[in-house]
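Q: Here it is, the structure in full.
Derivation of every value follows stated rules applied to the coordinates shown; laboratory data play no part. If you're wondering where the values come from, they're calculated on a predicted model, not measured in any experiment. Every residue, glycine as well, gets a Cβ built from its backbone with ideal geometry; the counts of neighbours run over all protein chains shown.
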Amino acid sequence: MPNLLIRNAAELATVAGPDAARAGAAQGQVELIPDGAVYCEGERIVAAGPTDEVLAMHPQSAQAETVLDARGRAVIPGLVDCHAHPVFAGDRSDEYAERLRGTPYMEILKRGGGILKSVRHTRAASHAELLAGLRERLDRALAQGTTTLEAKSGYGLDESTERKMLEVIRAANAGADRHPIDLVPTLLFAHAVPQGSSADEVVKAAVEATPRLAPLAEYVDVFCERGIFDIAQSRKVLEAGQAAGLKVKAHAEELCLLGGAKLVADLGGTSADHLCFTDDATIAAMRQAGTVAVFLPGTPFVLRMAYSDARRWIAGGVAVACATDLNPNCYCESLPFVFTLSVYEMKMTPAEALVAITINAATALDRAHEIGSLAAGKLADMAILRGPSYLHLGYHLGGNPVQAVVKRGRVVSGGL
Ligand code: NIG
Ligand code: FE
C-alpha cells in the first residue's frame, strides 16, 4: 500500500472535532498545530498531529514512499465545493458585459438569455464536448485546493439533456483516467422555464422524469424564486426527488424572500443555498431541522447585490457552508476567492470561513464522516499552501495560494 508523509508543516489546520456541522461558536474554532505532520496509508489518514509525535507513534512513516517537507507552509483539509454547476457549453461573456452596462440578470433570462442560452448550447453539445469542458474546470478547481465538488445538471430542462449531463458527471469519475476530484451529482431539472413553456409544464416533466434520472444522482434541487418556480411548484419537484430516494437541496432566497429555505427545512433537506434574504422564522426552522445554510458570495459579487447576512445566521445557530456556485454567470472555480469574499464581504472570521469550505461543506454533502477535516480514518485529502498559515487563503490575493494538492493519499496537483 503506497504511503505518504507530510512533515514539519509550519501550521497544520486540522479542523478537528465532531464529524458533523459546526454551528454557532463552534463554527469559529479550528485546531492549529505548529510543526505538524500527516501520515497516510493508501487512501486514508493514519495520524495527524505534531511532527515529533507522529514520527514517534509511526516510525515507519519516515520511510514512506512519498515524504513532503512542508517547512514554511500550511496544510489544510482538501476543500469541499458543495454547490457548483460545472457542466455547460457555450460562452456568456457577452452577457457579463451587458450586465456591467446595467441590464439585470432576470431581464437577460426573460428574453431567452442567461440559463436559457446555456441550455441551447448544452443541448447541442456532445457528451465528449461536455466532458472536456468539465474536466478543464475541474483541473482549475483542483489546482486551487478543491478535492470534492458537487455537480448539478440543469442546462437541459428536458429529460435527454439532463440525462446527458448526469452521465457526463458520472463519466468524469469513472475509468482509468478518472478525475481526482470526487463529484457528487445533483439533479436540477427544474432550473428555468423555456420560452413558450410554463413553469407547471417544466414541473410536470421534472416530476415524471425524476424516477428515471434518480439512479444517476444523489440530490434533487430546484430554482425556487419569484418568476421561476414558486413554493408549491418547488415542493412538487423536491417531493418527487425524495420519493425517488434523493436528498434535498434548493436554490432559495437568492433574489427575494419567498420561503424556499423554510420548505427545505420542512422536508428535512440537507441544505438551502444562496439565502441572500431571510427572516428569524426561517433561521429557526433551519436550525431545528439541522439544514446547512450554503452561501455563494461569488453570485452577489457578480450581480452587485446584497450578500447573505452571515453574522445573523451564525448567531442564529445555523451551520454555514460557503461554495463557488461555479456556473456561466458566476464563472469561478476558486474556493480561496470564496474564502476572501466570505471574510471581507460577509464579515466571517477566517476560522469560520475555513470551517465553511471544509467540514460544513462536507456536511452539506452528507460526507462529514469521510472528508472535511484531518483525522485518522478519513480520506487523505489535503491542500498544502504556499504560505505558513491557513490565513493565506484570503490574505494572498489575486493568485493561487495553493502549492500542492493531495487526493486520496496521492499528490495530484502541484508539488513541493
Ligand atoms: O445558482 N440561480 C440559479 N442558478 C444559478 C445560475 C445559473 C446560471 O445563470 O447559469 C445560480 O446562481
Ligand atoms: Fe447555483
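Q: Would you mind checking which residues have amide H under 5 Å from Arg44's amide H? H placed 1.01 Å from N; only 5 or more apart, or other chain.
A: Amide H neighbours of Arg44, under 5 Å, 5+ apart: Ala380.
Q: With a Förster radius of 25 Å, plug the Cβ-Cβ distance of Arg311 and Ala284 into 1/(1 + (r/R0)^6) and report the FRET value to the nearest 0.05.
A: Efficiency at R0 = 25 Å is approximately 0.95.
Q: A further question on this structure: Give the relative contact order (percent, whole number) for the chain; include only Cα pairs under 8 Å separated by 6+ residues.
A: Answer for the chain is 22 percent.
Q: Given the peptides 271-280, 192-201, arrange them by the average over their residues of other C-beta atoms within 10 Å, most packed first.
A: Output ranking for 271-280, 192-201: 271-280, 192-201.
Q: Which residue, Asn327, Asn360, Asn173, tops the fluctuation ranking in a GNM of the chain built on C-alpha contacts under 10 Å?
A: Of Asn327, Asn360, Asn173, the Gaussian network model singles out Asn173 as fluctuating most.
Q: Hey, another quick one. Would you calculate the separation in nanometres between label points at Gln242 and Gln60, each defined as 7 Å from the Cα along the Cα-to-beta-carbon direction?
A: 4.8
Q: Over the Cα atoms of the stretch 275-381, what is the Rg over Rh ratio if Rh follows Kirkwood?
A: When Rh is taken as the Kirkwood radius, the ratio is 0.97.
Q: Moving to a separate point now. Mind giving me the FRET efficiency for Ser197 and Ala132? R0 is 25 Å, r the Cβ-Cβ distance, nearest 0.05 is fine.
A: About 0.25, to the nearest 0.05.
Q: Each label point is 7 Å from the Cα along the Cα-to-Cβ direction; what then is the distance between the points at Glu370 and Arg226, in nm?
A: 4.0
Q: For Lys247, which sequence-distant residues (separation of 5 or more, or a different chain) have an amide H within less than 5 Å of its own amide H, given hydrogens modelled in the peptide plane?
A: Tyr219, Val220
Q: Considering only DSSP beta bridges whose two residues both sit in the chain, what percent are antiparallel, to the nearest 5?
A: 45
Q: Follow-up. Which residue, Leu116, Leu138, Leu100, has the most motion in a Gaussian network model of the chain that connects Cα atoms within less than 10 Å?
A: Of Leu116, Leu138, Leu100, the most mobile in the Gaussian network model is Leu100.
Q: Can you list residues from other chains, or at least 5 along the same chain, whose modelled amide H is less than 5 Å from the amide H of Leu157?
A: Glu162
Q: Related question: Cα centroid distance between the stretch 340-404 and the stretch 223-282, in Å?
A: The stretch 340-404 and the stretch 223-282 have Cα centres separated by 26 Å.
Q: For every other residue with a beta carbon closer than 14 angstrom to the beta carbon of Gly415, add +1 if it is Lys or Arg and -1 if Asp or Glu, then tell me the sum.
A: Local charge sum for Gly415: +3.
Q: Determine the gain in length on full extension of the stretch Gln29-Arg111; use 0.36 nm per residue of separation and subtract their C-alpha separation, reporting nm with one decimal.
A: 24.9 nm
Q: May I pose another question? Select from the chain the helices, each a whole stretch of DSSP H, whose alpha-carbon atoms run 15 Å or more along the helix axis and whose Kyte-Doolittle mean is at least -1.0; answer none if there are none.
A: Qualifying helices: 127-143, 159-172, 199-213, 231-243.
Q: Looking at this model, which pairs from Lys152/Lys247; Lys378/Lys407; Lys110/Lys204 are more than 18 angstrom apart at the alpha-carbon?
A: Lys110/Lys204
Q: Continuing with this model, one more query. How would you rank 81-94, 301-314, highest first, on the average number of other Cβ atoms within 10 Å across their residues?
A: Result, highest mean Cβ count within 10 Å first: 81-94, 301-314.
Q: Ranked from highest to lowest mean number of other Cβ atoms within 10 Å per residue, what is the order of the peptides 281-287, 349-355?
A: 349-355, 281-287
Q: What does the chain give for Rg and for Dmax, in Å, if only its C-alpha atoms count?
A: When restricted to the Cα atoms of the chain, Rg and Dmax are 20.7, 69 Å.
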